[in-house]
1. Look at residue A:346 and say whether it is exposed (fewer than 10 other Cβ atoms within 10 Å of the Cβ) and more than 9 Å from chain B (Cβ to nearest Cβ).
2. Has the stretch B:257-265 got any residue that is crowded, with 18+ Cβ neighbours inside 10 Å and within 14 Å of chain A (Cβ to nearest Cβ)?
3. Do we have any residue at all in the stretch A:31-40 that's away from chain B (no Cβ under 14 Å) and not in a helix (DSSP H, G or I)?
4. Could you go through the stretch A:156-176 and let me know if any residue there is assigned to a helix (DSSP H, G or I), touching a strand residue (DSSP E or B) at 6+ places or on another chain (Cβ under 8 Å) and within 13 Å of chain B (Cβ to nearest Cβ).
5. Only residues that are surrounded by fewer than 18 Cβ atoms within 10 Å (Cβ to Cβ) and either within 14 Å of another protein chain (Cβ to nearest Cβ) or under 20 Å from the mean Cα position of the chain (by Cα) (or both): list them for the stretch B:348-371, please.
6. From the list A:20, A:70, which one is part of a helix (DSSP H, G or I) and more than 21 Å from residue A:313 (Cβ to Cβ)?
7. From the residues in the stretch A:129-144 that are in contact (Cβ under 8 Å) with a residue 12 or more places away in the chain and within 9 Å of chain B (Cβ to nearest Cβ), which one is surrounded by the most Cβ atoms within 10 Å (Cβ to Cβ)?
8. Determine which member of the set A:79, A:83, A:44, A:57 is closer than 27 Å to residue A:197 by Cα and in contact with a strand residue (DSSP E or B) (Cβ under 8 Å, 6 or more places away or on another chain).
């Protein structure tokens, strides 16, 4: 039974992959590019040590983003506000870390806690609005994203939080080396794998443990499956909503840290602000399962990194975004189709069993 | 319009002008109600309004449309691509068609396959963003005047009207700074100054929507698909067809909104929508899934955006702060009469804080105005969400024959 479940959950991503590859091939043919050249160029570059390192680094970011989204998904909460939560979390972490003179472990612990706290607080606004005022979290988190961008631009452009960090780039003061987590160059001699990779693996394990081995996780999954049944069995839904949103926001707060502590050391105006949306897609691909999400994150990161070389072949790298969009659409559709067929075959087997009973009676 | 409705409309217009006038008098900032400000506010408001209207069509038929942003992006691209080659009107048409394609994709995923609508919309946004950036590089890089991230200039123009016989005397009246009269003059003059035909079309689409969705059998059936599709089906309404029609038309409207953006800035540019699809969604909720309120929300966004962008001496944002506090006081006072005392006191306190800020600071950073519309939307949702009434089956996947 378990094997069958695994098989059916793999069918949909497989269909998604095949269909989107086929569609991409059609696009490539229509612009007179050679499909084999493009795919083999993506594969060859994508499997080079340098690209593998970049891929792992990007996957770390995507993994955290998708985990944050999927905590909410488990309870049918849509946290579209990961963007706002992580940019504010990263900014706060950058400000705090740049002013710390502590041993590495202590400094990084404080930095992480800051980011989680700020991310959770920003998500908390949406949680409060939902619980106390009945505002849908979908729309409030979208609004909060825009507000976060405004706050950040104000703080960096107009207050002493921002300084000139590069050529015409304003950002926070550089974090001292003792507060950085640059990682090790163990795949490619020139590029380092972010140290945060290991922390995010721990976050993934923690997520699995919390959801599958604790009372809270049980309540959360129960509420997601059937809110009314959970309520009847004594789960307080408002408390669950608030806790889930806070947790989701706390994990979201971490999303920018691999990059901040592994690369820039400063939150500047060029810090990426859209990593939250891809998290939604990856959470879907991975079906809210940490292992699935990890594979999804690696896959999407592979597409992003390996497409970087396509300019040389005269094909815009945005082909990877198109593929990602296609995969998500096809995968969600095939999940739905597979689910319907499952329901149908179950109904049929029940009907058959019942018919047999009637005959024997 | 019924007698009661038109009375309510006149009363709220009167109140709005009075508040603007008080603010203008205290700040001495004529820009707040000037002809140019109002005309520009309409230009900024129209694409958002079209996105909001697009949201109304989809959600009234029970399909949540997070994909508005993607459909708008497709519209901006279509307008740039066709507009550069065959002129502005071809651009408008292409924008509408591209938007419709986005709507069709959403309908296939959300209506035929019944997948989660928010997820389908998010995927559509991703797909639209990738496709347009991809095509922009391929089609515009080597075009004369184009680039990797922008199209060549759109050829020709959409007609823009200025009625000098109205604008000139009213603008002169506006400059006399008479309480209420001058402000009303500025507002009216703004409607006849640089009025784009596309803005007029937008207005007509709003009127058409109010009529079609609320006064015809077609509209009743379409809305029934969003309220209770199972009951509608049992009465013979072809629910799936109505949902398809609504979502594709929604895509056309969002695409037109995108085309408006491209034509207003004379080129297609990557990221030109800047989240206006999401803002349109917010105005729709702000407006309780109805055209009138949605238009009002869009005008608010457009007005604040205009004041922020034409701000020369950093005084417009200050004026907005005062205007905001006056509005808060008015709502607070009105609420005190009803039984919602706590909310009323909250509004009055917030208003007092803003008045304090107005008198203690010499100027405010433009970021305040940048976030003001979003905070306003949150405030409206927080205080009025109990009174908002979304379609009952909004976001619920429907399959013929499966009851819920």
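Every number here is computed from the coordinates shown, using simple stated rules; none is lab data. Predicted, not measured: the structure shown is a model, and the values here were computed from it. Heads up, the Cβs are rebuilt from the backbone with ideal geometry, glycines too, and the neighbour counts pull from every protein chain shown.
1. It is false that residue A:346 is exposed (fewer than 10 other Cβ atoms within 10 Å of the Cβ) and more than 9 Å from chain B (Cβ to nearest Cβ).
2. No - not one qualifying residue is present in the stretch B:257-265.
3. So far as the stretch A:31-40 goes, yes, one or more of its residues are away from chain B (no Cβ under 14 Å) and not in a helix (DSSP H, G or I).
4. yes
5. B:361, B:363, B:365
6. Values: A:20 fails: more than 21 Å from residue A:313 (Cβ to Cβ).
It is A:70.
7. Here the residue is A:140.
8. The unique qualifying residue is A:57.
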